[in-house]
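Worksheet for the structure shown next.
Any read-out appearing in this document is the output of simple, stated calculations on the displayed coordinates, not a laboratory observation. Here the structure is a predicted model, which is why all the values come from computation and not from measurement.
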């Protein structure tokens, strides 16, 4: 069993409370320590304080959108950012990936797909 101190930390940045709750419960059941931010500005603050190993973030949010937040996150965190968005078109996905997102998943989120993507990027980070 993973202890609190060795567990990987995931930051969930999404303004939809239900999605945050589902993702937090899912990640914690998988042994992660999870934190939630409900908009981009909170996400930036949490990324500094919580120091996540990986970030799962939406694009459409109040206060500050995910695109702007992603640009700023790349300056303060080395954690891979996985974008999970209802704006699942090629243009949005390419824009996010070009700005440094590690991956892009369309909403509604398939939790198995998300887990596979998260594990892939955490493993890639451990190797380097």
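Angle between the Cα long axis of helix 66-76 and the longest principal axis of the chain, 0 to 90 degrees, nearest 10? Rounded to the nearest ten degrees, it is 50. With respect to the chain, whose longest principal axis is taken over its alpha-carbon atoms, helix 111-127 is tilted by about 70°.
Rounded to the nearest 10 degrees, the inclination of helix 17-29 to the longest alpha-carbon principal axis of the chain is 30 degrees. I'd like the distance between the alpha-carbon centres of region 45-122 and region 2-41, rounded to an integer number of Å. So the two Cα centres are separated by 13 Å. Taking the chain as a Gaussian network, Cα atoms linked when under 10 Å apart, which of 29, 77, 85 shows the biggest mean-square fluctuation? It is 29. Across the chain, Cα-Cα pairs more than 17 Å apart make up 52 percent of the total. One equal scatterer on each Cα of region 1-71, no solvent, Debye formula: the resulting log10 I(q)/I(0) at q = 0.14, 0.27, 0.28 Å⁻¹ is -0.39, -1.18, -1.24.
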